[in-house]
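The values are calculated or read from the model by the stated rules, or taken from the named source; none is laboratory data. In this text, all values refer to a predicted model and were calculated from it rather than measured experimentally. For neighbour counting, all protein chains shown are included, and Cβ atoms are generated from backbone atoms with ideal geometry for every residue, glycine included. We work out accessible area using only protein heavy atoms, side chains counted, and drop any ligands, DNA or RNA first. Shrake-Rupley method; radii C 1.70, N 1.55, O 1.52, S 1.80 Å.
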Amino acid sequence: MKEIIAVIRMNKVGPTKKALVEAGVAGFTALKAIGRGKVVENIEIIADRKKQLLAKTNPEDPKAEQVATEFLDGRGLFPCRMFTILVHDEQVKTIVQAIIKVNKTEHKVGDGKIFILPLVDAVRVRTNEHGDAAI
Amino acid sequence: MIMVRAIVRPDKKDSVLQELSRAGFNAATVVDVVGRGKQNGIKFGDIVYDEIPKSLIMVVIEETEKDKILDVILRHAKVGENGSFGDGKIFISAIDEVYTVSSGLAGL
């Protein structure tokens, strides 16, 4: 048994849910979270999107540039969705690939992370089943 | 790799995150949670508050950096010199694998 924790973009929740069902996941839990990732060191990656963001702001606002940069380069926190999925050992690979496939964007950064944790036991409350039978 | 889950006071969240970033741990996920600890919540006469708001900070790091991150969190999540009840807890769990969605590659 493994626990998969996936932190993804808010606007990818719908496609991710669909992909998980197609990959054969019985159930999952989703939480709203806020997060940040590694600091983007290569400014070229975010240059285009920064220009787009700044075009929407008030040019006289002195903080606009700083806020836009922090939002894009990973120093500021922004909303994301945290999925917790319990799976059997042999399912891990297909599910990780399914999540990656639907969540990948052309932005190169900020698409999220997937963590795989070992799980000691799981219990189904209704029937008191333990271990793999509970998933 | 290990996952560090720190439950801290909501008002200490910002300073902990800022210091983590300064120490080189920029990546983090934060969830607002409610819970109670060993004291079974706070009692005022007959009224018990056992759903106390806290912030859960999740950071995944290499195991070699464990002491460094614990030092940062322990120093900045405390209230007062010796700490107070309700300052929180830190849990550390093992991580088998990590994938980055943008690149599709394994690893932090």
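Projecting the Cα atoms of A:THR94, A:THR69, A:CYS80 onto the charge dipole of the range A:48-135, computed from C-beta unit charges around the Cα centre, puts A:THR69 farthest toward the positive end.
If only the Cβ of Lys and Arg carry +1 and only the Cβ of Asp and Glu carry -1, the dipole of the protein assembly as shown around its Cα centre is close to 500 debye. A simple spin-label model places pseudo-atoms 7 Å from Cα toward Cβ; at A:LEU54 and B:LYS38 they are separated by 5.3 nm. Rounded to the nearest 10 Å², what accessible area does B:GLU97 have for a 1.4 Å probe in the complete protein model? Roughly 70 Å² of B:GLU97 is accessible to a 1.4 Å probe.
Pairs from the list A:LYS104/B:LYS66; A:LYS32/B:LYS13; A:LYS93/B:LYS89; A:LYS113/B:LYS66; A:LYS18/A:LYS104; A:LYS12/B:LYS89 with a Cα-Cα gap above 23 Å: A:LYS104/B:LYS66; A:LYS93/B:LYS89; A:LYS12/B:LYS89. Counting only other chain Cβ atoms within 10 Å of each residue's Cβ, the peptide A:28-38 averages 4.
Of interest is the spacing of the C-alpha centroids, which for the range B:1-40 and the range B:44-79 amounts to 5 Å.
Quick one: pull the percent of accessible area on chain B belonging to carbon and sulfur, 1.4 Å probe, ligands and nucleic acids left out.
51 percent
Straight Cα distances below 13 angstrom link A:LYS63 to none of the aspartates and glutamates, with same-chain residues fewer than 8 positions distant left out. What the range A:89-131 shows is 62 Å² of accessible area per residue, with the surface traced by a 1.4 Å probe over protein heavy atoms.
Mean partner shielding of peptide B:90-97, defined as the number of other chain Cβ atoms within 10 Å of each residue Cβ, is 4.
Estimated purely from DSSP H runs of n ≥ 4, each contributing -39500 (n - 2.57), the mean residue ellipticity at 222 nm for chain A is -10000 deg cm²/dmol once divided by its residues.
Treating r as the C-beta distance of A:MET10 and B:LEU108 and R0 as 25 Å, the FRET efficiency rounds to 0.65. Each peptide in A:107-116, B:73-82, B:10-19 gets a packing score, the mean of other Cβ atoms within 10 Å over its residues, and the list from highest to lowest is A:107-116, B:10-19, B:73-82. Place a label point 7 angstrom from the Cα of B:GLU62 along the Cα-to-Cβ direction, then list the residues of the range B:72-108 whose backbone nitrogen is under 11 Å away. Hits in the range B:72-108 for B:GLU62 at 11 Å: B:108.
Among the residues of B:15-23, the average count of other protein chain beta-carbon atoms within 10 Å of the residue beta-carbon is 1. Take the Cα of B:GLU81, step 7 Å toward its Cβ, do the same at A:VAL39, and the gap between the two points is 3.4 nm.
Spin-label model, B:ARG22 to A:GLN97: label points 7 Å out along the Cα-to-beta-carbon direction sit 4.6 nm apart. Of interest is the spacing of the C-alpha centroids, which for the range A:1-53 and the range A:110-135 amounts to 20 Å. Subtracting the Cα-Cα distance of A:ASP61 and A:ALA30 from their residue separation scaled by 0.36 nm leaves 7.5 nm.
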